[in-house]
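Contents: one structure, followed by commentary.
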Amino acid sequence: MPDADRRDVQGKGFLNHMADREQSPLAGRSNHDGKLSQPEKKLQESVCVLLVELCERFTFFGIVCNMIHFCTVKLGYRNYQAAIVNMCFVGTSMLTPVLVGWIAKCLVGRIKLVCICMLLHFLGTALLPVLSFPFEDIYTDRQHVLHTLPKREQKIVFYVALLTASLGIGGIRAIVCPLNSYNLENCGPKELLSFFNWFYWLVNLNSAVVFVSISYIQQSVARNLGFLIPFVSGIMAIITIHMMRGEMIYKPKADSSLLMTFGVIGSALKTRCVQYRYFSGGMNDWLDHAKENYGGQYSEIQVESTKSLIRLFPLFTFQILYRTCIMQIPSGYYLQTMNSNLHFSGFVIPIAAMNVISIVPLLIIVPILECINSSCLFSSKDTAHSPTIYIVVGQLSVALSMMVAGFSEIHRKHFPQVEQTLSEEVLLVSSMPCFHLAPQYILLGVAEALVTPYCALLSFWLVPERIRGISMHFLALFNGAGCFMGAFFVQTAHAGTQGKSIWFPHLLHEGKLERFFFFLASLMMVNTLGFWTIAHRYNKLHQDCTSEFRGSLSGEKLLKHEKAIKRYDTVLESSPILPPREES
């Protein structure tokens, strides 16, 4: 190249470099066109995601808080049927994010699917206020004949509304505001625990507002229009998503999915069955059969990641019964409160407002735990031992709450019965003040403050970064299984016992609901002891997983280099001889 051309090229490069340096100070500020800088854009996205999360939770808790009362008074359900419907709806809302996430990855695009989920969310939250609207007060003819839907059609519409609402909730949770959308990749255990503590703190503060406001409106002010508030909250979430749908739709990494996890397990089992007689040595784990080195179909990193996830399955399994007991707040405890005296100084306390008693301990304990964690929990190298202790204490608190609930039920029956009007329905209830049930609510609130954030921390921190979202999906699957197990227990307790010894009766003073609580307490004690025996597995699990994962990563890199060398050798053998390089 001539010297003049070379100088021209160097001069153009220098001018471009100086132009970039002149524009770089403006990168951190908003420009004159009104566009946001990168930090401001991330802050706006985080605020919008949190707003959608709170609106979605507001809608969810607004549907759940008085569902039993609505089913028994409006639809004529028996108590156990209403409890089963409530727990099944909560469990479905936990499982649908996993289902929608899989559909978005394999079948339908994420943008198209989020539009479908918003439509389903709108339909479900719109059908509920339509179903609860007081048509009997308006649509009558001159002979005062009511024109309302029969009970059977009302139940069909109710189930359709719950199903569409749960699918919409699942779509919003999976696509718009999963935990991975909060940019937690570079956070350590201390930062993760702080995030989970304050995240669940905000969620429970939101639910406290719902339980106080909506339950009072549904029960005392406008009993048939209480579902209109969750509908308005859902509309706010939909509007927020529509305004920023391009930035708020989370796109996960393509190399991690539930199908990959199940595929690794299936490939390992298949290869092990085929090659068991001929190739059984040299493997430390049965999942090694899925590796490409041993005749499988998956890489070293994928198999080692699945191994770390499989190690968490005992932790997930012991969460099933815990979630079953927690679901007694909107079912068994709710029925106890509904059949107690709700009058206090001339004021009728909303039934669902008693749930606030279980939320207050969490709102108090979380800031205290933050101080303890910052000073004591992460001061030593054994960062995973303390969370297991908190989980054990929380599960003991749940068992104690079930025991106290059984004794409170016996205590409640010793009070004389009085008439109590709820939503223009006269019920025969115990004269025991509902505040006598406060200890069992408080114990469950303490358990939620200890178990939920620390279990989420272990599920998120003890696996490689690439499958943390999958780990949280499995945690949601097992929590949903706990809700369905609670519904199964209620159905079995009602069908398996009869007469005055029925464990989950329609009229509490004619049955033995305390036996149902004692049964759950005994199961929870066994569950706690079982978790205590395996808690040591998670003491130093992260260090082991990290070393194994790095070892597998280096092994896979070495394997790739060996393949590249072999391929390079074959290319050299098949190519003509290169001329020797001229020395300058």
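The values are calculated or read from the model by the stated rules, or taken from the named source; none is laboratory data. Computed from a predicted model, the values in this text were never measured in an experiment. Here the Cβ is made from the backbone with ideal geometry for all residues, glycine too, and neighbour counts use every protein chain on show. The area values use the complete protein model at the heavy-atom level, side chains included, leaving out ligands, DNA and RNA. Shrake-Rupley method; radii C 1.70, N 1.55, O 1.52, S 1.80 Å.
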TODO: Test residue 514 against the stated conditions and say whether it is among the acidic types (Asp, Glu), at pLDDT 90 or above and open to solvent by 30 Å² or more (accessible area, probe 1.4 Å).
DONE: no
Open item on the list: Tell me the residue from 418, 429 that is open to solvent by less than 40 Å² (accessible area, probe 1.4 Å) and over 30 Å from residue 316 (Cα atoms), please.
Closed with: 429
Task: Hey, residue 257 at pLDDT below 75 and surrounded by fewer than 23 Cβ atoms within 10 Å (Cβ to Cβ) or not - done: yes
TODO: Give the number of residues within the range 461-484 that are more than 20 Å from residue 259 (Cβ to Cβ) and touching a Gly at 6+ places or on another chain (Cβ under 9 Å).
DONE: 5
Task: Lone unmet requirement of (1) at pLDDT below 90; (2) within 23 Å of the chain's Cα centre (by Cα); (3) part of a helix (DSSP H, G or I); (4) buried (at least 20 other Cβ atoms within 10 Å of the Cβ) for residue 330 - done: (3)
Task: Among (1) open to solvent by 10 Å² or more (accessible area, probe 1.4 Å); (2) at pLDDT 85 or above, the one test that residue 315 misses - done: (1)
Open item on the list: Just to be sure I understand the filter: pairs with C-beta atoms under 9 Å, separated by 6 or more residues or on different chains, first member in the range 120-136 and within 14 Å of residue 67 (Cβ to Cβ) and modelled with pLDDT under 85, second member open to solvent by less than 60 Å² (accessible area, probe 1.4 Å) and of a type in the set (Lys, Arg). Which pairs pass?
Closed with: 131/74; 132/74
Open item on the list: Suppose the filter is part of a helix (DSSP H, G or I) and open to solvent by less than 10 Å² (accessible area, probe 1.4 Å); does residue 101 pass it?
Closed with: no
Open item on the list: Contact list please: Cβ distance under 7 Å, first residue in the range 474-490 and touching a residue at least 60 places away in the same chain (Cβ under 8 Å) and part of a helix (DSSP H, G or I), second residue of a type in the set (Phe, Trp, Tyr) and open to solvent by less than 10 Å² (accessible area, probe 1.4 Å), pairs at least six apart or on different chains.
Closed with: 474/316; 475/316; 478/316; 482/322; 490/504
TODO: Looking for whichever is touching a helix residue (DSSP H, G or I) at 6+ places or on another chain (Cβ under 8 Å) and either free of Cβ contacts under 8 Å to residues at least 40 places away in the same chain or surrounded by fewer than 23 Cβ atoms within 10 Å (Cβ to Cβ) (or both) here; the options are 447, 438, 405. Which one fits?
DONE: 438
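To keep it simple, each residue is scored yes or no on (1) within 19 Å of residue 91 (Cβ to Cβ); (2) of a type in the set (D, E, K, R); (3) at pLDDT 95 or above.
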{"position": "493", "(1), (2), (3)": "yes, no, no"}
{"position": "504", "(1), (2), (3)": "yes, no, no"}
{"position": "526", "(1), (2), (3)": "no, no, yes"}
{"position": "538", "(1), (2), (3)": "no, no, no"}
Task: helices (runs of 4 or more DSSP H) wholly inside the range 187-248 containing at least 2 residues that are open to solvent by 50 Å² or more (accessible area, probe 1.4 Å) and at pLDDT 65 or above - done: 189-216, 228-243
Task: Of the criteria (1) surrounded by 20 or more Cβ atoms within 10 Å (Cβ to Cβ); (2) at pLDDT below 90; (3) more than 30 Å from residue 312 (Cα to Cα), which one residue 388 fails - done: (3)
Open item on the list: On the basis of being open to solvent by less than 80 Å² (accessible area, probe 1.4 Å), over 30 Å from residue 401 (Cβ atoms) and either within 31 Å of the chain's Cα centre (by Cα) or at pLDDT 50 or above (or both), does residue 556 make the cut?
Closed with: no
Task: Of residues in the range 76-97 being closer than 19 Å to residue 493 by Cα and outside any helix (DSSP H, G or I), the one most open to solvent (accessible area, probe 1.4 Å) - done: 78
